[in-house]
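Take a look at the structure below.
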Amino acid sequence: MPSRSNQKAQIQFSLNGEMTETAFLPHKTLLELLREDLALTGTKHGCELGECGACTVLVDGHPVLSCLVLGLDVEGHEVTTIEGMSQGAQMHPLQETFADLGAAQCGYCSPGFLLAAKELLERDPSPSREQIKEALAGNICRCTGYVKIFEAVELAAARMRGESAEPAREIVYGYE
């Protein structure tokens, strides 16, 4: 007699704009489903306690911590991972500004920051620095000190509004 714990659940949902049907063990989190069953490894394992934001994805356009969501819970919903952020070979403006400003150093936390920032800019195309800090508060970076991340979001917002925006020239030791 087969064990109930080995029975797979089958769900359908939109993944990065494409309808997806998959079968997996029902105890798996969305993070495990994405990485292990669907081979989308851009979503990172971090703390697995909902404290670091490395596993952030968008569900129906809202940031969620995929380590705290069961895979079963996304049935019929729209999930966007970092792999779905660009349009083909065209990077999202946030991805471009993170690269331009060095906001992604080791890059481990970047997918979570990028998706949380994407949701913010879709909700508010002209956020203040304080609003950016609040929107990204659930994401931890151990490399950058956050300033470059905030500047990258500000620059992407300006570009997405159609402004001719370039990174500010850095001043080193008081000289330009």
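Rank by packing, highest mean first: peptides 108-121, 58-71, with packing defined as the count of other Cβ atoms within 10 Å averaged across residues.
Sorting 108-121, 58-71 by mean packing, highest first, produces 108-121, 58-71.
Quick one: net charge of Val153's neighbours, Cβ under 13 Å, K/R +1, D/E -1?
Combined, the nearby Lys, Arg, Asp and Glu give -2.
Can you tally the net charge around Gly88? Count Lys and Arg as +1, Asp and Glu as -1, for every other residue whose Cβ sits under 15 Å from the Cβ of Gly88.
-3
Probe of 1.4 angstrom, ligands and nucleic acids ignored: what's the accessible area per residue over region 1-84, in square angstrom?
53
Provide the gained length on full extension for the span Ala89 to Lys8, in nm with one decimal, where the gain is 0.36 nm per separating residue minus the Cα-Cα distance.
Contour length minus the Cα-Cα distance gives 25.7 nm.
State, as an integer percentage, the relative contact order of the chain based on alpha-carbon contacts under 8 Å between residues 6 or more apart.
Relative contact order, the chain: 20 percent.
Could you tell me how many degrees, from 0 to 90 and to the nearest 10, lie between the Cα long axis of helix 147-160 and the main elongation axis, the longest principal axis, of the Cα atoms of the chain?
90
May I ask you to give the percent of accessible area on the chain that is carbon plus sulfur, with a probe radius of 1.4 Å?
Result for the chain: 50 percent of the exposed heavy-atom area is carbon or sulfur.
Relative to the first principal axis of the alpha-carbon coordinates of the chain, what is the inclination of helix 110-123, with its axis defined by its Cα atoms, in degrees from 0 to 90 and to the nearest 10?
For 110-123 against the chain, the angle is about 80 degrees.
When the solvent-accessible surface of protein heavy atoms is calculated with a 1.4 angstrom probe, in what order do Phe150, Phe24 fall, highest first?
I get Phe150, Phe24, largest accessible area first.
Run the simple label-point estimate for Ser164 and Glu122 please: 7 Å along Cα→C-beta, distance reported in nm.
Placing both labels 7 Å along Cα→Cβ, they lie 3.1 nm apart.
Suppose R0 equals 30 Å. What FRET efficiency, 1/(1 + (r/R0)^6) with r the Cβ-Cβ distance, do Glu96 and His45 give to the nearest 0.05?
0.70
The values are calculated or read from the model by the stated rules, or taken from the named source; none is laboratory data. Note that the structure is predicted; figures quoted are calculated from it, not measured. For neighbour counting, all protein chains shown are included, and Cβ atoms are generated from backbone atoms with ideal geometry for every residue, glycine included. Ligands, DNA and RNA are excluded from the accessible area calculation, which covers all protein heavy atoms including side chains. Shrake-Rupley method; radii C 1.70, N 1.55, O 1.52, S 1.80 Å.
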